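> This structure is in structure tokens; I'll ask about it shortly.
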Amino acid sequence: MGKFNKDKLRGLDLNEEEARTGSGYKVGSGLLNDVSKSEGMEEEDIIYLRRDQIERNEKNHYSINGIESLAWSIENMGLIQPLHVTLGENGKYKLLGGERRLTAIDQLIADPKVEQWTEETLIRCVEKAPETISLPLPDSLKEALMIITTNKESRDYTDADRIMELKEWKKIIAALREKGIKRIPYVDPKTGEQELVIKGSTRDLLAKTTGMSRGFINKMENLEAHGSQALKEAVMAGETSINTANEMINHLDEKGQEEMLAQAEAEGVTITPQMIQEKAIQQQKNVNVITAERFKLDIREILKCLRKEDCYLDEAELQRYQDCLEQLQEILCM
């Protein structure tokens, strides 16, 4: 048996003219409740669209995960949170926020066992337009700002998501400075301030606009400045964390970073601090450099034995031990 359209039973079907032209179904005033109005949701913001009227946004590179559980939730409880879209030049609606929800919907539509979701099912959306943002920014950055806002409201960020947001905010701040803008309306969730003053370091502004720590921002900038291309791609693909990436940058050159990633992939393991230290020692051995990290790694087997049990020496052994220490001190500390 083919799928039936549950939304049509609810009276939300498109008429023939709307279906032919591809226009969305605008919700009438009687269908908006007082709660939505009081929260600032204007009647013209809500539209219902077929799946073929919605396009994914090539600028939205935020992570997509947890689709199975989300699809189950939408199938059994409905689409509680609408998609966020903006009207594109081709007459279709470009997705601003809701990549995970749309991916889950696509999965439901493709599943023949799920009868209530078809290509004709109307999807509840909130329409946003760049011109509603009064900042002196090009439409491309206004769109980026809308993507940041809608994604931040509805997802748990990965490191890659945070890095993408920081990059977009850097572009926005640079554009505002270029226009000579000194302040913009912006509600700081921590302080309650109603505007953002465009002054001081970019790093401080990024911390304020994103809510991310300066430590994380420093690590992102370190990755951008000193990470190999392979390492940057690994972080953005979620294959390694920003913390691990910075450990690699601090101890390995770009070639070493790439070799470390290749080794982890070949062995099917997660990169650990110990692996990074071992790789760093291997690199340093090639240039005959003894560092504190290499020395700790060189004596780690001795430390393992001593942690298990104390070692008791006779007088001759103790003398050899002391002689060895003196020789090492002469070599390393002269």
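> So how much slack lies between Leu332 and Lys255, counting 0.36 nm per residue of separation and subtracting their Cα-Cα distance, in nm?
Fully extending the segment from Leu332 to Lys255 adds 24.9 nm.
> Under a plain spin-label model, where a point goes 7 Å from the Cα along Cα-to-Cβ, how far apart in nm are Ser213 and Thr132?
According to this spin-label approximation, the distance is 3.5 nm.
> In the full protein assembly as shown, how much of Arg214 is accessible to a 1.4 Å probe, in Å² to the nearest 10?
120 Å²
> Arrange the residues Arg183, Arg101 by how much accessible surface each exposes, largest first, with a 1.4 angstrom probe.
Arg183, Arg101
> Continuing with the same structure: Between their Cα atoms, which of Lys219/Lys304; Lys199/Lys232; Lys142/Lys232; Lys92/Lys167; Lys94/Lys199; Lys94/Lys171 are more than 24 Å away from each other?
Lys219/Lys304; Lys199/Lys232; Lys142/Lys232; Lys92/Lys167; Lys94/Lys199
> Hey, could you get me the Stokes-Einstein D for segment 225-334, Kirkwood radius over alpha-carbon pairs, 20 °C and 1.002 mPa s, rounded to whole µm² s⁻¹?
131 µm²/s
> Wrap a convex hull around the Cα atoms of segment 48-145, take a quarter of its surface area, and give that in square nanometres.
Over every viewing direction, the Cα hull of segment 48-145 projects on average to 6.6 nm².
> Another question, then. Can you give the FRET efficiency for Ala262 and Lys179, using 1/(1 + (r/R0)^6), R0 = 41 Å, r = Cβ-Cβ distance, to the nearest 0.05?
0.35
> Separation between the Asp52 and Leu313 pseudo-spin-labels, each 7 Å from Cα along Cα→Cβ, expressed in nm?
Once both label points are built, they end up 8.4 nm from each other.
> Just grab the label-to-label distance for Glu278 and Glu233, each label 7 Å out from Cα along the Cβ direction, in nm (one decimal).
2.5 nm
> Give the accessible area for Tyr321 in Å² (nearest 10); use a 1.4 Å probe, count only protein heavy atoms, and leave out ligands, DNA and RNA.
Solvent-accessible area, nearest 10 Å²: 120 Å².
The values are calculated or read from the model by the stated rules, or taken from the named source; none is laboratory data. Because the structure is a prediction, the values reported are computed rather than measured. Note: ideal-geometry Cβ built from the backbone for every residue, glycine included; neighbour counts use all protein chains shown. In case anyone asks, the SASA skips ligands and DNA or RNA and just uses the protein heavy atoms, side chains included. Shrake-Rupley method; radii C 1.70, N 1.55, O 1.52, S 1.80 Å.
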